[in-house]
Structures are given as structure tokens and as C-alpha cells.
1. Here are some residues: 20, 95, 24. Which one is buried (at least 16 other Cβ atoms within 10 Å of the Cβ) and in contact (Cβ under 8 Å) with a residue 12 or more places away in the chain?
2. Can residue 6 be described as assigned to a helix (DSSP H, G or I), closer than 17 Å to residue 56 by Cα and in contact with a helix residue (DSSP H, G or I) (Cβ under 7 Å, 6 or more places away or on another chain)?
3. Go through the stretch 27-42 residue by residue and tally those that are surrounded by fewer than 11 Cβ atoms within 10 Å (Cβ to Cβ), in a helix (DSSP H, G or I) and touching a helix residue (DSSP H, G or I) at 6+ places or on another chain (Cβ under 7 Å).
4. Identify all residues within the stretch 51-74 that are under 26 Å from residue 14 (Cα atoms), free of Cβ contacts under 8 Å to residues at least 24 places away in the same chain and either in contact with a helix residue (DSSP H, G or I) (Cβ under 7 Å, 6 or more places away or on another chain) or outside any helix (DSSP H, G or I) (or both); write none if there are none.
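None of the figures in this text is laboratory data; all of them are computed from the coordinates on show. Treat the numbers as computed from the prediction; the structure is a model and nothing was measured. Because the Cβ atoms are built from the backbone with ideal geometry, glycine has one as well, and the counts that use them run over all protein chains shown.
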């Protein structure tokens, strides 16, 4: 059981950690876009921003359906996504500690 469970849990933990960083990157990019720091004429930057936006929309789309899109000018879906992902990350970490 441990031979299958531990690598599977570690894979889920890595996916959740990646999702957390994608949400953080999306928030930072949106702040930098508001400040007009990025040059979107650079194809690499434009592709990077597009990729991060697609991945973060995949993560936050269910939250945006459940939660109002924004309260005033503030979008709370990244905060809720980070809270949920962090809870899952902590649960997986606690389960992994039982196998050690």
C-alpha cells in the first residue's frame, strides 16, 4: 500500500504546489499589467502571460461560478483558490507524515 500511496500523494502534492504558484503568478502579472510594466509586443512575454492566464482560469473558473466575480474592483477568487489549495496541500502533508 505504501509503495503506491506515497508516490501518488507526492504527485498530488506537486500538482497542488504548481497550482498555487500559477495563481500567485496570475495575481502578480495582473498587478504588473495594471502598472503597464510588460511590453506585450515581446512574443515570449505575451505567450507566457497567455499560458499563465489559461492555467489560472482553469483553476479559478469553478470558484468564479460559485463566488461573485468581484466585489467592487476586487476579485476574491485567487484568495479563495489559494485558501482551498493550501488546505488540500496541508491535508496531503499530514497524510504523508503518517506513512513516514
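1. 20
2. no
3. Of the residues in that region, 0 qualify.
4. 63, 64
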